[in-house]
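First comes the structure, then the notes that go with it.
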Amino acid sequence: MGIPLEIAGLLEGYRKKAFKPSEAVDAFLKTIEAVNPGLNAFLEVRADVARSQARALDAKQPTDGLPLFGVPVAIKDNFLVEGWKATAGSRILEGYVSPYTATSVQRLVDAGAVVIGKTNCDEFAMGSSNENSAFGPCRNPWDPARVPGGSSGGSAAAVAAGCAAISLGTDTGGSIRQPASLCGLVGVKPSYGRVSRYGVVAFASSLDQVGPFGLTTWDAARVLEVMAGHDPHDATSSRREVPRYTAGLASATLKGVRIGYAPAWLEGVEPEVRARFDEALAVLRSEGAVLCEVALPHTKYALSTYYLLAPSEASSNLARYDGVHYGLRSKDARSGEEIYTRTRGRGFGPEVKLRIMLGTYALSAGYYDAYYLRANQVRGLISGDFFGAFGKCDCIVSPTSPTTAFKLGEKTDDPLTMYLSDIFTLPVNLAGLPGLSVPCGLDSKGLPVGLQLIGRAFDEQGLFGLASAYERARGKFPLAGEKR
Amino acid sequence: MSEEIRDKYEAVIGLEVHAQLLTRSKMFCGCENRFGASPNSLICPVCTGQPGALPVVNRRAVELGVRAALAIGGKVHGESVFARKNYFYPDLPKGYQISQYEKPFCTDGALVVRLKSGEERRIGIQRIHFEEDAGKSMHQSAGSFVNLNRAGVPLVEIVTHPDMRNSHEAGQYLRELRTVLRYAGVCDGNMEQGNFRCDANISVRLRGAKTFGTRVELKNINSFRYVEKAIDFEIDRQIESVERGEAVRQQTRLWDSAQGVTQVMREKEEAHDYRYFPEPDLSVLVIDEAWRDRVARDMPELPEAKRRRLMADHQLSAYDAGVLTASRELADYYERVVSTSGNAKASANWVMNELLGRLNAAGKEIEGSPVPDRELAALIRKVDSAEISGKIAKVVFEEMFATGKGADAVVREKGLAQISDSSQLEAAIHKVIADNPAQTQEYRAGKIKLLGFFVGQVMKETRGQANPGMVNELVKKILDR
């Protein structure tokens, strides 16, 4: 039998002894070898390490004790995994080898997952197309002329192309959900504080969250239930108990669930995306959900709010890449000052520099009140909008992104247009809420469209239930390559 | 500069003290907080600013901060906010220092200091906030190196109002603050190791002026000896420049102890914009009332309270009480001597005049005293019970200090016990009378002034061990017979 691509199929195969972890890992490695040269989804693959990890599992019994037994996972290159490189898509971390492992990754490994590679991403997770990677763009398995989305483009492409069963990404303004949408996957941005950020290269600390990509809602739920929960190394991680997200997914229903949507959000959405979204609404309604309109009046300021707050935090978070302690150091620096200016001048790409400058400016004496402080106040209003809306509905839906996958180079000259890719995902990060993207159809070019579900804080369980019920009603979604 | 010119002006001084907290581990990670380990041996991903590392607040550091706040009568805030202070420096691995800015955990405290004139002065304390220390850059011929052992060590920064008017007040404030922090177990106050560091903001203005002059920030004053010197130098420098008709420039200056001058470090224009903003990796610091009250209950008695108590209980002068409370250990030692000996006045004299002098000469602290408190008390009791004379007691003390032996052992081994046996004393007196027939005759003829001579001779005969009162009495009795 062929090796299944989903967690559930893999676990079943191991239980039935149809194949061993080392055989499964070999199959995934073979796929990487075949497709990665065209996709550039992986920045580092350590086949020997993955194989020896898998062989160690061969000797064990697949039990419930290891919920990710023998599951190959791809990790975005802004996570630290001891002994592996961690470039975060940047030249400035070239040569850096992680001295420790991120809590989220450690929990997956402890659950039996096999790290198969580190994936390409926009530099320091800043981007929506993966074109800001210092190591070349990653391509979309559905159409290699197009972007996979970003910033977790490599992690999305890896799963969509069958190079890994699941993958981890980070989402600061949509960096999991938007590529999930563009690559036809389920992608989850959990509530702020749900997953430890320890060991994840920080972009904007108050917005960053770790989350999974999977082919199905069940797979994403399984990964999240393994890695969520308090971490003594992350003071912002929540002490709330983590439910078993996979329990009861099969019987989840849409009946009587109140689902809101904001009509104002739908202006400017690509017609085909709009059509798929409307169809998804129809499916939800036919399954018994009660639809209602919600107003999220301050979310129109989300983009400008985000582009003050995220760069402000980034300007500080990226100060440590100074050429003094680790990573790149300019060899021809003649003074302490030049170590900084030359290393950072050469090590950072243009988008990162742009955001560092924006953030530095917004935090400067005399501008702080007008920019950073005001943006934080607006952030409060946006949270308030959602809080109000959840008084009349249990979940809010929207298209994940206003467009399907666009062509490489199509938006690189115009950052504002590029930023609009995340117009529906940004507000969710600002409010710290959980968001999930689930595929809801293809456009006429055969490119996936994503449906975003937004839940109350820490109601990931509710989101998984709705997404799972919707998935069943929608029917099986094709894999990249199966489409035509 | 003439006193006349100096008197036209008034200096305005505010102090910022960085006090290192006596915690076992660092402010935001589990690395050991210890001075003197080999370079970069006390480090981890957090304090070296590795990608992805995150800070977690050290609860013990917060407790010690609260103690500092209570010790200066400050208001402890239920909620305070950590903030990032952004600047580039090789010994600052994250490119920012985690500190507190708009919302410090403590405000509105004060310390009362005693001046040499005997006056008391209240110095207002604006705020205390938490901060992590930076590492240390070391420049050697082989190149520049960074030691991150100190990076992330917990500090409190204690900022006064501009309430001091001369270097003596500033010096006394620092001494009192250091004593208070040591009492409270917050900081060891070691200036040489950099555990207690002081920056001074200094300006001058014409006496009676309402507005402040341009202020200069003075850094790098790394010993108590230099605090007053540096401030005096800077005040004179500013007065001279105003007298010359030049404006004082807003600068940061460094104290150069080798040359005894202050020198420009940077001009106002070069000042950093630290771009403070709330630290997103940490939530609001909550100090709940119940916990604060528990910390308050565990607070040791502070120097001022101790001084007042000693003055009231033991009739000590303000000066004596001040000397005896210079450290908690010394005060505890003194109080133990009193409670064992039952003689507060003698205990104070022995500790202040004999013990402290010898310790000082030997370069020792009270904790390392070769004479334990119970032995000093035993010595005092021997004097009080007339077992030995006060003069002999000093000899015994010297021996105790030098050898670490107890009072009993020294007195016994050296045969120094006082002779109060009248038959023994009478024998000595008879011998003296027999040896000095001429003086005996003169005395008996009426020259009673010679009594002292006989007493002295008897003391000599008994190597000073005779009970002087008894000798006086017996000599008179026998001669008058």
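A few points about this structure:
- Selection within the range A:186-204: residues that are assigned to a strand (DSSP E or B) and either within 15 Å of B:K94 (Cα to Cα) or of a type in the set (V, I, T) (or both). The member of this set that is farthest from the other protein chains (Cβ to nearest Cβ) is A:V186.
- Filter pass, B:K75 being without any contact (Cβ under 8 Å) to a residue 40 or more places away in the chain, within 25 Å of B:D298 (Cα to Cα) and either not hydroxyl-bearing (S, T, Y) or not assigned by TED's automatic domain parsing to the domain that holds B:D273 (or both): yes
- Any chance B:C29 is under 11 Å from B:P154 (Cα atoms), within 14 Å of chain A (Cβ to nearest Cβ) and assigned to a loop (DSSP other than H, G, I, E, B): yes
- Residues being farther than 17 Å from A:L249 by Cα, touching a helix residue (DSSP H, G or I) at 6+ places or on another chain (Cβ under 9 Å), assigned to a strand (DSSP E or B) and β-branched (V, I, T) are entirely absent from the range A:410-417.
- None of A:A202, A:A156, A:A161 is small (G, A, S) and within 10 Å of the chain's Cα centre (by Cα) except A:A156.
- Condition broken by B:A377, with the remaining ones in (1) among the hydrophobic types (A, V, I, L, M, F, W, C); (2) within 30 Å of B:R84 (Cα to Cα); (3) outside the structural domain of B:A68 (by TED's automatic domain parsing) satisfied: (2)
- All positions within the range B:292-312 that are surrounded by fewer than 16 Cβ atoms within 10 Å (Cβ to Cβ) and either within 14 Å of chain A (Cβ to nearest Cβ) or over 23 Å from the mean Cα position of the chain (by Cα) (or both): B:D293, B:R294, B:R297
- Checking each residue in the range A:357-372 for being closer than 17 Å to B:E279 by Cβ and free of Cβ contacts under 8 Å to residues at least 12 places away in the same chain picks out only A:Y368.
- Within the range B:189-230, the residues that satisfy the criterion of being part of a helix (DSSP H, G or I) and either within 16 Å of B:M265 (Cα to Cα) or of a type outside the set (A, V, I, L, M, F, W, C) (or both) are B:R225, B:Y226, B:E228, B:K229, B:A230.
- Screening the candidates B:A321, B:A290, B:A305, B:A271 for the property of being hydrophobic (A, V, I, L, M, F, W, C) and at pLDDT 95 or above yields one hit, B:A290.
- Residue under evaluation B:S257, criteria (1) within 27 Å of B:N222 (Cβ to Cβ); (2) touching a residue at least 12 places away in the same chain (Cβ under 8 Å); (3) touching a strand residue (DSSP E or B) at 6+ places or on another chain (Cβ under 8 Å); (4) away from chain A (no Cβ under 14 Å), criterion not met: (3)
- Flag for B:D313 being farther than 30 Å from B:L64 by Cβ, at pLDDT below 95 and of a type in the set (D, E): no
- Selection within the range B:98-110 - surrounded by fewer than 24 Cβ atoms within 10 Å (Cβ to Cβ), more than 11 Å from every other protein chain (Cβ to nearest Cβ) and either in a strand (DSSP E or B) or in contact with a helix residue (DSSP H, G or I) (Cβ under 9 Å, 6 or more places away or on another chain) (or both): B:S99, B:T107, B:D108, B:G109, B:A110
- Taking the criterion of being outside any strand (DSSP E or B) and surrounded by 24 or more Cβ atoms within 10 Å (Cβ to Cβ), the residues of the range A:433-446 that qualify are A:L433, A:P434.
- Verdict on A:G70 being touching a strand residue (DSSP E or B) at 6+ places or on another chain (Cβ under 9 Å), at pLDDT below 95 and part of a loop (DSSP other than H, G, I, E, B): no
- Any hit, the range A:170-180, residues being more than 13 Å from A:N429 (Cβ to Cβ), in contact with a helix residue (DSSP H, G or I) (Cβ under 9 Å, 6 or more places away or on another chain) and assigned to a loop (DSSP other than H, G, I, E, B): no
- Scanning the range A:217-232 for residues that are outside any helix (DSSP H, G or I) and either surrounded by 22 or more Cβ atoms within 10 Å (Cβ to Cβ) or at pLDDT below 95 (or both) yields A:A228, A:D231.
- Sole residue being buried (at least 21 other Cβ atoms within 10 Å of the Cβ) and either in contact with a Ser or Thr (Cβ under 8 Å, 6 or more places away or on another chain) or not in a helix (DSSP H, G or I) (or both), chosen from A:G260, A:G268, A:G288: A:G260
- Of the residues making up the range B:379-400, those that are surrounded by fewer than 19 Cβ atoms within 10 Å (Cβ to Cβ) and part of a helix (DSSP H, G or I) number 8.
- Within the range B:32-60, restricting attention to residues that are among the aliphatic types (A, V, I, L, M) and more than 14 Å from chain A (Cβ to nearest Cβ), the residue that is surrounded by the most Cβ atoms within 10 Å (Cβ to Cβ) is B:L42.
- Identity of the residue in the range A:312-339, in a helix (DSSP H, G or I) and at pLDDT below 95, that ends up farthest from the other protein chains (Cβ to nearest Cβ): A:E338
- Some residue of the range B:266-283 being more than 14 Å from chain A (Cβ to nearest Cβ) and more than 28 Å from A:A365 (Cα to Cα): no
- Subset of the range A:100-114 [away from chain B (no Cβ under 14 Å) and over 17 Å from the mean Cα position of the chain (by Cα)]: A:R107, A:V109, A:D110, A:A111, A:G112, A:A113, A:V114
- Only residues that are touching a residue at least 60 places away in the same chain (Cβ under 8 Å), farther than 19 Å from A:T172 by Cα and within 14 Å of chain B (Cβ to nearest Cβ) were counted in the range A:205-235, giving 2.
- Residue identified as in contact with a Pro (Cβ under 6 Å, 6 or more places away or on another chain) and closer than 16 Å to A:L5 by Cβ among A:A113, A:A160: A:A160
- Single residue of the range A:387-409 satisfying the filter (part of a loop (DSSP other than H, G, I, E, B) and touching a helix residue (DSSP H, G or I) at 6+ places or on another chain (Cβ under 6 Å)) that is surrounded by the most Cβ atoms within 10 Å (Cβ to Cβ): A:T400
- Yes/no for B:Y96 being closer than 30 Å to B:S38 by Cα and out of contact with any Cys (no Cβ under 6 Å at 6 or more places or on another chain): yes
- Scanning the range A:42-97 for residues that are crowded, with 22+ Cβ neighbours inside 10 Å and of a type in the set (S, T, N, Q), we see that the one that is nearest to the other protein chains (Cβ to nearest Cβ) is A:N78.
The values are calculated or read from the model by the stated rules, or taken from the named source; none is laboratory data. In this text, all values refer to a predicted model and were calculated from it rather than measured experimentally. All Cβ positions, even for glycine, are placed from backbone atoms using ideal geometry, and neighbour counts span all protein chains on display.
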